[in-house]
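Dropping a structure here in structure tokens format, bear with me for questions.
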Amino acid sequence: MHSKKRRTLLKLSGLAATAGVVPFNIVRATPSRKTINADTIKVGLIGCGGRGSGAANQALNADPNVVLHAMADLFEDKLKKSLENLEELHGDKVAVSPEHRYVGFDAYKKVLASGVDVVLLATSPAFRPLHMEAAVEAGKHIFCEKPVAVDAPGIRKVLEAAKKARAKNLNIISGFCWRFHEPKRASFGRINSGAIGNVLTVYNTYNTGATYRTWQPETPRPESVEWQMRNWPFFTWLSGDHIVEQAVHSIDMMSWAFGDKLPLSAVASGGRQVRVGPQNGNIYDHFAVTYEYPDGAKGFHVSRQQPGCENSYAVESWGTKGHAIVDCSRNIHQINSNGKLWAYNGKQNDMYQAEHDELFAAIRKGKSVNQGIEVANSSMIAILGRMAAYTGKRISWEEALNSTEQLGPDPSSYDMSQTLAVTPVPQPGVTSFK
């Protein structure tokens, strides 16, 4: 592959690659003069960072008669870079005229009003409830990155939007990519069918290195909204902390192993040992959570973002008949049941592409695939774990879901020129539950 083209692919796939898991291929479409007709599906991208650009690339590969029609981001430089990369890959399938390139906090509204059929929601998670509500009201099909909220008020909005989308026959596909990975589907399908009997314990990890920094000017200004928006993974009100923003993948697989049952409560610990200073925001760098499920079953979650440590990205399940391991880092999928070993040896698919293939296939067939409630529940399980760690208290599912704590300002009132004090790092036993 030409070196310039390879660099473009790496730019689009960089965030997914940092997970250090199963590699995926980005298929380059052959640029051609695109004819837009009544059957063309028009896509709008809201959030033009690495994830959003990757999602747009996959959406354009998912159907032969699809175009990227509109784009939105808070920052013009991010939109411009994303547009250039996508144009290089897809030629005339990127049909974003200058009047359909929107910048600012209200840019999402303009994308929804631009004539698109599908929206890709890939901003920082704090904006997801607002954008999902608006997209459903506008009657758009949705691909939404995970998580879908950072707090319980946001989750409740997403749950309501998902119900409305179902009534409107709108598709919602989530960014829980492992749900589209054939080895995972085979493994968890067997677990859910009773291969290890009644599931008693699930242990899951997401131990990795330091999180990425997207913007590093010479003079740190962590109190500025622009600093926080450009470095959103470091701020709980924007990301939900790394247990919600990143480790939620493992928590979602834990939920999958339990048949998507909801936990009863959680107790947890966590803290911040490596990250120091306000320039690193206010998120923790490690969590350990015990989730309590009906009939005495338990889920154990451990996550860490600390460089130079042992990494782990896996889910192990024990039941009344056996044991299963799904190791994302090593691509191992095995079940030992009643002394018999099953190991996956089927095809390895591109799960990121599969998300979009299934979304656009459903649209073409007039079907409705709605993962809104499931993605909200998994996001909320992660939020519950964060709440328990921040406070040091046992918190029930009902208490967490009904929490009134809104982590940040009203998303409809943001102003890039304002300053915003960095909330102090939570202290277990001191920080109160709201």
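Taking ASN345 as meeting all but one of (1) touching a residue at least 12 places away in the same chain (Cβ under 8 Å); (2) part of a loop (DSSP other than H, G, I, E, B), write down the number of the exception.
(1)
Confirm whether ALA354 is surrounded by 15 or more Cβ atoms within 10 Å (Cβ to Cβ), out of contact with any strand residue (DSSP E or B) (no Cβ under 9 Å at 6 or more places or on another chain), at pLDDT 95 or above and not assigned by TED's automatic domain parsing to the domain that holds HIS249.
Numbers: surrounded by 15 or more Cβ atoms within 10 Å (Cβ to Cβ): yes; out of contact with any strand residue (DSSP E or B) (no Cβ under 9 Å at 6 or more places or on another chain): yes; at pLDDT 95 or above: yes; not assigned by TED's automatic domain parsing to the domain that holds HIS249: yes.
Yes.
Does ALA113 meet the test of being buried (at least 24 other Cβ atoms within 10 Å of the Cβ), more than 26 Å from TRP178 (Cα to Cα) and either free of Cβ contacts under 8 Å to residues at least 60 places away in the same chain or of a type in the set (Val, Ile, Thr) (or both)?
Numbers: buried (at least 24 other Cβ atoms within 10 Å of the Cβ): no; more than 26 Å from TRP178 (Cα to Cα): yes; either free of Cβ contacts under 8 Å to residues at least 60 places away in the same chain or of a type in the set (Val, Ile, Thr) (or both): yes.
Here the answer is no, as ALA113 does not meet what is asked.
Select from the range 327-342 the residues that are in a loop (DSSP other than H, G, I, E, B) and closer than 29 Å to ALA268 by Cα and list them in ascending order. It would help to see each step written out before you state the result.
Here is the first cut: in the range 327-342, the residues in a loop (DSSP other than H, G, I, E, B) are 328-331, 338-339.
Residues satisfying the conditions are CYS328, SER329, ARG330, ASN331.
Considering each residue of the range 163-193, count those that are surrounded by 24 or more Cβ atoms within 10 Å (Cβ to Cβ) and in contact with a Gly (Cβ under 7 Å, 6 or more places away or on another chain), and give that number.
Qualifying residue count for the region: 2.
Something else now. More than 21 Å from the chain's Cα centre (by Cα) and either at pLDDT 95 or above or in a helix (DSSP H, G or I) (or both): is that true of PRO409 in this structure? Spell out the reasoning first.
Numbers: more than 21 Å from the chain's Cα centre (by Cα): yes; either at pLDDT 95 or above or in a helix (DSSP H, G or I) (or both): no.
Spelling it out, it is not the case that PRO409 is more than 21 Å from the chain's Cα centre (by Cα) and either at pLDDT 95 or above or in a helix (DSSP H, G or I) (or both).
So, one more: Can you tell which of ALA361, ALA324 is modelled with pLDDT of 95 or more and in a helix (DSSP H, G or I)?
Numbers: ALA324 fails: in a helix (DSSP H, G or I).
Unique residue meeting the criteria: ALA361.
For the range 385-398, does any single residue satisfy the condition of being in the same structural domain as PHE287 (by TED's automatic domain parsing), closer than 20 Å to ASN282 by Cα, under 20 Å from the mean Cα position of the chain (by Cα) and among the charged types (D, E, K, R)? Steps first, answer last, please.
Narrowing the range 385-398 to residues in the same structural domain as PHE287 (by TED's automatic domain parsing): 385-398.
This time we only want the ones that are closer than 20 Å to ASN282 by Cα, so: 385-393.
This time we only want the ones that are under 20 Å from the mean Cα position of the chain (by Cα), so: 385-387.
Now restrict to residues that are among the charged types (D, E, K, R): 386.
Checked against the condition, which is being in the same structural domain as PHE287 (by TED's automatic domain parsing), closer than 20 Å to ASN282 by Cα, under 20 Å from the mean Cα position of the chain (by Cα) and among the charged types (D, E, K, R), the range 385-398 yields at least one hit.
Inside the range 76-97, can you point out the residues that are closer than 24 Å to GLY139 by Cα and surrounded by fewer than 18 Cβ atoms within 10 Å (Cβ to Cβ)? I'd like the intermediate steps shown before the answer.
Within the range 76-97, the first condition is being closer than 24 Å to GLY139 by Cα, and the residues that meet it are 93-97.
SER97, the sole residue that qualifies.
Can you pull out every residue in the range 314-333 that is surrounded by 14 or more Cβ atoms within 10 Å (Cβ to Cβ) and free of Cβ contacts under 8 Å to residues at least 40 places away in the same chain? If you could, list the steps in order and put the result at the bottom.
Looking only at the range 314-333, we keep the residues that are surrounded by 14 or more Cβ atoms within 10 Å (Cβ to Cβ), and these are 314-319, 321-329, 331-333.
Correct list: ILE325, ASP327, ILE332.
The values are calculated or read from the model by the stated rules, or taken from the named source; none is laboratory data. Keep in mind it's a predicted model, so treat the numbers as computed, not measured. Every residue, glycine as well, gets a Cβ built from its backbone with ideal geometry; the counts of neighbours run over all protein chains shown.
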